[in-house]
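Comments concern the structure below.
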Amino acid sequence: MKMNYNFINKINGWAIFAIATIVYILTIEDTVSLWDCGEYITAAYKLEVGHPPGAPLYMILGRVFSFFAAPENIAYYINALSALSSSFTILFMFWSITLLLKKLILQGKKELEQHDQIGIFVSASIGALAYTFTDSFWFSAVEGEVYAMSSMFTAVVFWAMLKWEEVSEERHSDRWLILIAYLMGLSIGVHLLNLLCIPALAFIYYFR
């Protein structure tokens, strides 16, 4: 029986997302932790300006999350913003790995066989879950810091560039490039780290 690759790819991705979300929510900080977290949580709750260069998009989204919290749970809910951002990072990392492995396998054949698809999904699941439980990423996922959301933008932008590469010869494929430019602009409102994606995206564009 032939496997529906796209359907299974989506289901597997959301399953990995669910695992990451459960882990991060269960291990989330109840209040502030060390370094900048207290500043970000306070600034987001009061919708103020943090230390330069600032993180306006993070502050706005943190404020939205604080709407659902009682005053004593403000920190927990803003920390949950990082948890969900990290879960989406894992989701798009999974889909990026499947895109890369699919491209690699199709260099030697015209279509994916069933064992190829199983290998892709198992490998992508292992890769995404391995990153889920890495020390530094897990720490960022459970506290009120900008790095979790910045990682999410990085993962989404890289995935979008791989999607563009896959359909670059089709009509309206440039909409992916417009989406990437928009996301890069939004990411500046969180952290400048996402700008480091530009060289990688340029290489993908150039070699395509």
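Across region 130-160, what is the number of residues that are closer than 12 Å to Glu29 by Cβ and among the acidic types (Asp, Glu)?
2
Only one of these is among the hydrophobic types (A, V, I, L, M, F, W, C), open to solvent by 10 Å² or more (accessible area, probe 1.4 Å) and more than 19 Å from Ile16 (Cα to Cα): Phe88, Phe92, Phe68. Name it. Steps first, please.
On the way: Phe88 fails: more than 19 Å from Ile16 (Cα to Cα); Phe92 fails: more than 19 Å from Ile16 (Cα to Cα).
So the residue among Phe88, Phe92, Phe68 that is among the hydrophobic types (A, V, I, L, M, F, W, C), open to solvent by 10 Å² or more (accessible area, probe 1.4 Å) and more than 19 Å from Ile16 (Cα to Cα) is Phe68.
Just wondering, is there one or more residues in region 117-132 that are surrounded by fewer than 22 Cβ atoms within 10 Å (Cβ to Cβ) and more than 19 Å from Asn9 (Cα to Cα)?
For region 117-132, residues surrounded by fewer than 22 Cβ atoms within 10 Å (Cβ to Cβ) and more than 19 Å from Asn9 (Cα to Cα): absent.
I want to confirm something. Restricting to region 52-62 and keeping residues that are open to solvent by 70 Å² or more (accessible area, probe 1.4 Å) and assigned to a helix (DSSP H, G or I), which single residue is nearest to Leu193 (Cα to Cα)?
First, the residues of region 52-62 that are open to solvent by 70 Å² or more (accessible area, probe 1.4 Å): 52-53, 56, 60.
From the residues that got through so far, the ones that are assigned to a helix (DSSP H, G or I) too are 56, 60.
Details: Pro56: 15, Ile60: 19 Å.
Looking at residues that are open to solvent by 70 Å² or more (accessible area, probe 1.4 Å) and assigned to a helix (DSSP H, G or I), I get Pro56.
Of everything in region 1-51, what is of a type in the set (D, E, K, R) and assigned to a helix (DSSP H, G or I)? Give them in sequence order.
Within region 1-51, Lys10, Glu39, Lys46 meet the criteria.
In region 178-198, what residues are open to solvent by less than 70 Å² (accessible area, probe 1.4 Å) and without any contact (Cβ under 8 Å) to a residue 24 or more places away in the chain?
Leu179, Ile180, Ala181, Gly185, Leu195
Condition first: over 21 Å from His191 (Cβ atoms), modelled with pLDDT of 95 or more and surrounded by 22 or more Cβ atoms within 10 Å (Cβ to Cβ). Can you find one or more residues in region 98-114 that meet it?
yes
Could you count how many residues in region 94-116 are out of contact with any helix residue (DSSP H, G or I) (no Cβ under 8 Å at 6 or more places or on another chain), over 13 Å from Ile8 (Cβ atoms) and of a type in the set (S, T, N, Q)?
Selection size over region 94-116: 1.
Could you list, in sequence order, the residues of region 71-85 that are β-branched (Val, Ile, Thr) and either more than 30 Å from Ser125 (Cα to Cα) or open to solvent by 20 Å² or more (accessible area, probe 1.4 Å) (or both)? Step through it out loud before you land on a result.
Within region 71-85, the first condition is being β-branched (Val, Ile, Thr), and the residues that meet it are 74, 78.
Residue satisfying the conditions is Ile74 alone.
When you look at Gly144, is it open to solvent by less than 30 Å² (accessible area, probe 1.4 Å) and at pLDDT below 95, yes or no?
Working: open to solvent by less than 30 Å² (accessible area, probe 1.4 Å): yes; at pLDDT below 95: yes.
Yes: the conditions hold for Gly144.
Please specify each residue of region 70-93 satisfying the condition of being over 10 Å from the mean Cα position of the chain (by Cα) and of a type outside the set (Gly, Ala, Ser).
Going residue by residue through region 70-93, those that are over 10 Å from the mean Cα position of the chain (by Cα) are 70-83.
Of everything in region 70-93, those that are over 10 Å from the mean Cα position of the chain (by Cα) and of a type outside the set (Gly, Ala, Ser) turn out to be Pro71, Glu72, Asn73, Ile74, Tyr76, Tyr77, Ile78, Asn79, Leu81.
Does Gly185 satisfy being touching a Pro at 6+ places or on another chain (Cβ under 6 Å) and closer than 24 Å to Ile41 by Cα?
On the way: touching a Pro at 6+ places or on another chain (Cβ under 6 Å): no; closer than 24 Å to Ile41 by Cα: yes.
No, not satisfied.
Going through region 25-43 one residue at a time, which ones are in contact (Cβ under 8 Å) with a residue 12 or more places away in the chain and farther than 16 Å from Ser140 by Cβ?
Within region 25-43, Asp30, Thr31, Ala43 meet the criteria.
The values are calculated or read from the model by the stated rules, or taken from the named source; none is laboratory data. Quantities reported herein were computed from a predicted structural model and do not represent experimental measurements. A quick note on method: Cβ atoms are made from the backbone with ideal geometry, for glycine too, and the neighbour counts reach across all protein chains shown. Only protein heavy atoms, including side chains, enter the accessible area calculation; ligands, DNA and RNA are left aside. Shrake-Rupley method; radii C 1.70, N 1.55, O 1.52, S 1.80 Å.
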